[in-house]
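Here is the structure we will look at.
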Amino acid sequence: MRIPFLDGFLLSMLTAVAIALAVPSIGTSGGVLHLDTVTAYGVALVFLLSGAGLSVDKLKLGAANWRLHLFVQLFTFGVFPLIGLLVTGLAAGHLPRELLIGFFYLCVLPSTVSSSIAMTTMARGNIAGAVFNATLSSLIGMVLTPLYISFWLHASTTQGAPLSEQFLKIGEQLLLPFAVGQALRPLVGNWLGRHKAITSKVDRGVIVLIVFNSFCDATAAGVWTRFGAEPLLLTALLTGGLLAAVLLMTKLVATRFAFDKEDEIAAVFCGSKKSLATGAPMAALIFGSSGSLGLIVLPIMLYHQMQLIVCSVIARRYAERSEAKGINATTV
């Protein structure tokens, strides 16, 4: 059995962080590797492959369950942002501004696609519902995430990039490649379906490069020595508390709404997750390459790993309960 916190992706990110801390000049923006430019093209490729791999037929299977969709999207883009506002308001003065931005940014990101579906499948839940909601969340997030961030930055008297400029970047590097991928799906969709490992490796490779670039910039700017360990530890505690809170809330509310077990499983996993695969590329577009980007993406990096570990345990428990009762998963 593969242990989620010892996978190659995590080891790659930890290695990238270690190298960035030791030799930051290698991966700084505008440096010898020109990673800011490389990652920009990498992000476009990721979303092109994502568009080419999206099956509209699978989305149609889960489209009718409006109660589940409303639940997941309200948690993702309603409950989470409210928690983010509350926590960043209480933590102001205790955390560097970059970490406050990063925590709120975490709260307004869309749900994951691959791991939400994988956990729902493992737990024997409503897979069609998970596919629909995870994909819908990603599409909504391309609009709502920069919108939320812009409003938060301006409301907190921090001058962010103009909203029109953010949407132009997102349109060019995320939406346009995604649309091109959808147009190419009749030509390459079947091939990508047979070689899903390629898409996964490209996704993860680009994320590792973004993390490496942002941590190199942060180290070169002296971010880590300037703030010390205490705010980083507090951020980890807040991030873990956020995950625990939303897992409990999604479970309780799904039970209160009398969801059947399959829908409850999809609701818990899709409604509690946040996407590093979308968050890292979008952060580079919204906040630009600077020393602060390393701190901004830190909360989503922590949350990503915590959600994998905790949700894999929960998924196994759901699966064991389903096996004991002879319940089969809803398949796509």
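The values are calculated or read from the model by the stated rules, or taken from the named source; none is laboratory data. Since the model is a prediction, treat every value here as computed from it, not as a measurement. For neighbour counting, all protein chains shown are included, and Cβ atoms are generated from backbone atoms with ideal geometry for every residue, glycine included.
Of the numbered criteria (1) of a type in the set (Val, Ile, Thr); (2) touching a residue at least 60 places away in the same chain (Cβ under 8 Å); (3) out of contact with any strand residue (DSSP E or B) (no Cβ under 7 Å at 6 or more places or on another chain), the one residue 255 fails is (2). Residue 282 meets the conditions (1) on the phi > 0 side of the Ramachandran plot; (2) aliphatic (A, V, I, L, M); (3) part of a helix (DSSP H, G or I) in every case but one. The failed one is (1).
For the range 34-75, give me each residue that is charged (D, E, K, R) and in contact with a Gly (Cβ under 8 Å, 6 or more places away or on another chain). Break it down stepwise before answering.
First, the residues of the range 34-75 that are charged (D, E, K, R): 36, 57-58, 60, 67.
36, the sole residue that qualifies.
Filtered by the rule that a residue be within 19 Å of the chain's Cα centre (by Cα), at pLDDT 90 or above, over 18 Å from residue 246 (Cβ atoms) and of a type outside the set (D, E, K, R), the range 84-120 gives 99, 100, 101.
Pick from the range 39-71 the residues that are touching a Ser or Thr at 6+ places or on another chain (Cβ under 7 Å) and assigned to a helix (DSSP H, G or I): which of them is modelled with the lowest pLDDT? I'd like the intermediate steps shown before the answer.
Just the residues of the range 39-71 that are touching a Ser or Thr at 6+ places or on another chain (Cβ under 7 Å), to begin with: 49, 53-54, 59.
Keeping just the survivors that are assigned to a helix (DSSP H, G or I) gives 49, 53, 59.
On the way: 49: 86, 53: 82, 59: 72.
Restricting to residues being touching a Ser or Thr at 6+ places or on another chain (Cβ under 7 Å) and assigned to a helix (DSSP H, G or I), the top hit is 59.
Selection over the range 24-38 of residues that are loosely packed, with under 15 Cβ neighbours inside 10 Å and either under 24 Å from the mean Cα position of the chain (by Cα) or assigned to a loop (DSSP other than H, G, I, E, B) (or both) gives a count of 4.
For every residue, the table says whether it meets (1) over 21 Å from the mean Cα position of the chain (by Cα); (2) modelled with pLDDT under 90; (3) farther than 18 Å from residue 116 by Cβ.
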{"position": "195", "(1), (2), (3)": "yes, yes, yes"}
{"position": "207", "(1), (2), (3)": "no, yes, no"}
{"position": "222", "(1), (2), (3)": "yes, yes, yes"}
{"position": "261", "(1), (2), (3)": "yes, no, no"}
{"position": "272", "(1), (2), (3)": "no, no, no"}
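Of these, 10, 48, 21, 61, which one is in contact (Cβ under 8 Å) with a residue 24 or more places away in the chain and buried (at least 21 other Cβ atoms within 10 Å of the Cβ)?
Numbers: 10 fails: buried (at least 21 other Cβ atoms within 10 Å of the Cβ); 21 fails: buried (at least 21 other Cβ atoms within 10 Å of the Cβ); 61 fails: buried (at least 21 other Cβ atoms within 10 Å of the Cβ).
One residue alone meets the criteria, 48.
Inspect all residues belonging to the range 225-243 and state whether any of them is over 20 Å from residue 296 (Cα atoms), modelled with pLDDT of 85 or more and surrounded by 20 or more Cβ atoms within 10 Å (Cβ to Cβ).
The first filter runs over the range 225-243 and keeps only residues over 20 Å from residue 296 (Cα atoms), leaving none.
No: the range 225-243 contains no residue that is over 20 Å from residue 296 (Cα atoms), modelled with pLDDT of 85 or more and surrounded by 20 or more Cβ atoms within 10 Å (Cβ to Cβ).
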